[in-house]
């Protein structure tokens, strides 16, 4: 395994990243090279990866593409350049040539996808599709939207073994009658084609809440949808929650914010202390990544959810905390759009705390926000640290109130 350290982060996302990209391009003569860091992904124990938007002129033509540099161990395949300086070991590839996602090159081929989706599900007329990449995590997954005429489908590109597990989860919910995207087809190299979800993303509805408050579901609606997950979900492998991997995420956060390492360690320890003093609920079927981008609603009611990769047994409070943690970072991300969200977050916290332990819920929300620090843009990282600290303070307040109530009740019994 590779250790993710601040030096790796600086190498891949700092001023030296331009030299790194230039070296990866090899002997090709390029002019007017520009390199923009689009995203940085930390995986403590595995390495750090950076995605770049690259532009240059070559042989009189303008070239624009995305390159990836990573300190992670990846298969030695054609299209992967290895750069070494005696201290650092970095591999670089074009995004669509991700060595762990062999289906990505095919999934981004508009001609191949247009014909495949037409033959597979009757989408479009078999002509060229319009393909756009919605999300990409190096070596882990890519999510694409394909538009074939008036028809839309989504593609997930995963390592083959994970693609099989995702299909099984979608089929489980389909058999149980729980609304989620249906599987249209798969390929041997890890492409999973999914139908579009009905309704609107909860994130869209929340952004428009001031104009259409009735479109936002009540928090009880969100919790009730989770209760519709079938008991067969308990038979799936359990995936670690954000709290279960707080050491992993805190390590990544310290690498991203080395100047705040002590604060992050204090936060990590505080979350553990609160959870040690708080009761945990039973193991139940959980979504595993239940937040506003993955939940779809219509007419103020939850229709279903996407992104079922983490579906499995877990704690209900983790699903609810995931929603709260993600909500709480929105105002700093777009103040004009989400200025009303703190009030909504408080309303939902109070509702959710009526179902699970309030202190544990707040501590788990803090853990969720810690997990969001490393992947944030530099200007958002400290804002997320501050938000995680707010959640931990709330957890301590709730724990103190619980202990005080318990003490009063004990005194009453003695009298």
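The values are calculated or read from the model by the stated rules, or taken from the named source; none is laboratory data. This one's a predicted model, so the numbers in the text were calculated from it and none came from an experiment. Cβ atoms come from the backbone with ideal geometry, glycine included; neighbour counts cover every protein chain shown.
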- Query: residue 336: out of contact with any helix residue (DSSP H, G or I) (no Cβ under 8 Å at 6 or more places or on another chain) and assigned to a helix (DSSP H, G or I), yes or no?
  - Reply: yes
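Only one of 167, 178, 152, 112 is in a helix (DSSP H, G or I) and over 30 Å from residue 47 (Cβ atoms); which? It would help to see each step written out before you state the result.
Numbers: 167 fails: over 30 Å from residue 47 (Cβ atoms); 178 fails: in a helix (DSSP H, G or I); 152 fails: in a helix (DSSP H, G or I).
Result of the check over 167, 178, 152, 112: 112.
Pick from the range 270-285 the residues that are part of a helix (DSSP H, G or I) and touching a helix residue (DSSP H, G or I) at 6+ places or on another chain (Cβ under 9 Å): which of them is surrounded by the most Cβ atoms within 10 Å (Cβ to Cβ)? Step through it out loud before you land on a result.
Taking the range 270-285 as the starting set, the residues that turn out to be part of a helix (DSSP H, G or I) are 270-276.
Now restrict to residues that are touching a helix residue (DSSP H, G or I) at 6+ places or on another chain (Cβ under 9 Å): 270-275.
On the way: 270: 18, 271: 26, 272: 15, 273: 15, 274: 23, 275: 21.
So, considering only residues that are part of a helix (DSSP H, G or I) and touching a helix residue (DSSP H, G or I) at 6+ places or on another chain (Cβ under 9 Å), the one surrounded by the most Cβ atoms within 10 Å (Cβ to Cβ) is 271.
Does residue 353 qualify as being touching a residue at least 60 places away in the same chain (Cβ under 8 Å) and either surrounded by 16 or more Cβ atoms within 10 Å (Cβ to Cβ) or in contact with a strand residue (DSSP E or B) (Cβ under 6 Å, 6 or more places away or on another chain) (or both)? Reasoning before the result, please.
Numbers: touching a residue at least 60 places away in the same chain (Cβ under 8 Å): no; either surrounded by 16 or more Cβ atoms within 10 Å (Cβ to Cβ) or in contact with a strand residue (DSSP E or B) (Cβ under 6 Å, 6 or more places away or on another chain) (or both): yes.
When the stated conditions are applied, residue 353 does not pass them.
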- Message: Regarding the range 290-310, can at least one residue be identified that is over 19 Å from residue 221 (Cβ atoms), touching a helix residue (DSSP H, G or I) at 6+ places or on another chain (Cβ under 6 Å) and not in a strand (DSSP E or B)?
- Response: yes
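Would the range 152-168 turn up any residue that is more than 30 Å from residue 99 (Cβ to Cβ), within 20 Å of the chain's Cα centre (by Cα) and crowded, with 19+ Cβ neighbours inside 10 Å?
First pass over the range 152-168, keeping only residues more than 30 Å from residue 99 (Cβ to Cβ): none.
Within the range 152-168, not a single residue is more than 30 Å from residue 99 (Cβ to Cβ), within 20 Å of the chain's Cα centre (by Cα) and crowded, with 19+ Cβ neighbours inside 10 Å.
Please enumerate the residues belonging to the range 177-190 that are closer than 16 Å to residue 306 by Cα and touching a helix residue (DSSP H, G or I) at 6+ places or on another chain (Cβ under 7 Å).
Keep residues of the range 177-190 that are closer than 16 Å to residue 306 by Cα, which gives 177-184.
Across the range 177-190, the qualifying residues are 180, 181, 182, 183, 184.
Quick one: would you say residue 336 is buried (at least 22 other Cβ atoms within 10 Å of the Cβ), under 30 Å from residue 51 (Cβ atoms) and modelled with pLDDT under 95?
Numbers: buried (at least 22 other Cβ atoms within 10 Å of the Cβ): no; under 30 Å from residue 51 (Cβ atoms): yes; modelled with pLDDT under 95: yes.
No; evaluated as a whole, the condition is false for this residue.
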- Task: For the range 174-191, enumerate the residues that are closer than 28 Å to residue 96 by Cβ and free of Cβ contacts under 8 Å to residues at least 60 places away in the same chain.
- Result: 182, 183, 186, 188
- Item | Tally, over the range 92-108, of residues that are part of a helix (DSSP H, G or I) and either without any contact (Cβ under 8 Å) to a residue 60 or more places away in the chain or within 12 Å of residue 79 (Cα to Cα) (or both) | 5
- Can you tell me how many residues in the range 144-160 are modelled with pLDDT under 95 and closer than 16 Å to residue 308 by Cβ? 0
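When you scan the range 111-131, how many residues do you find that are out of contact with any helix residue (DSSP H, G or I) (no Cβ under 9 Å at 6 or more places or on another chain) and either crowded, with 16+ Cβ neighbours inside 10 Å or within 20 Å of residue 24 (Cα to Cα) (or both)? Spell out how you get there, then give the answer.
Residues of the range 111-131 that are out of contact with any helix residue (DSSP H, G or I) (no Cβ under 9 Å at 6 or more places or on another chain), as a first pass: 111, 114-115, 117-122.
Among the residues that remain, those that are also either crowded, with 16+ Cβ neighbours inside 10 Å or within 20 Å of residue 24 (Cα to Cα) (or both) are: 114-115, 117-118, 121.
Residues flagged as out of contact with any helix residue (DSSP H, G or I) (no Cβ under 9 Å at 6 or more places or on another chain) and either crowded, with 16+ Cβ neighbours inside 10 Å or within 20 Å of residue 24 (Cα to Cα) (or both) within the range 111-131 amount to 5.
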- Query: Would you pick out the residues in the range 34-51 that are in contact with a helix residue (DSSP H, G or I) (Cβ under 6 Å, 6 or more places away or on another chain) and without any contact (Cβ under 8 Å) to a residue 60 or more places away in the chain?
  - Reply: 35, 37, 50
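Go through the range 217-238 and report how many residues are surrounded by fewer than 17 Cβ atoms within 10 Å (Cβ to Cβ) and in a loop (DSSP other than H, G, I, E, B).
6
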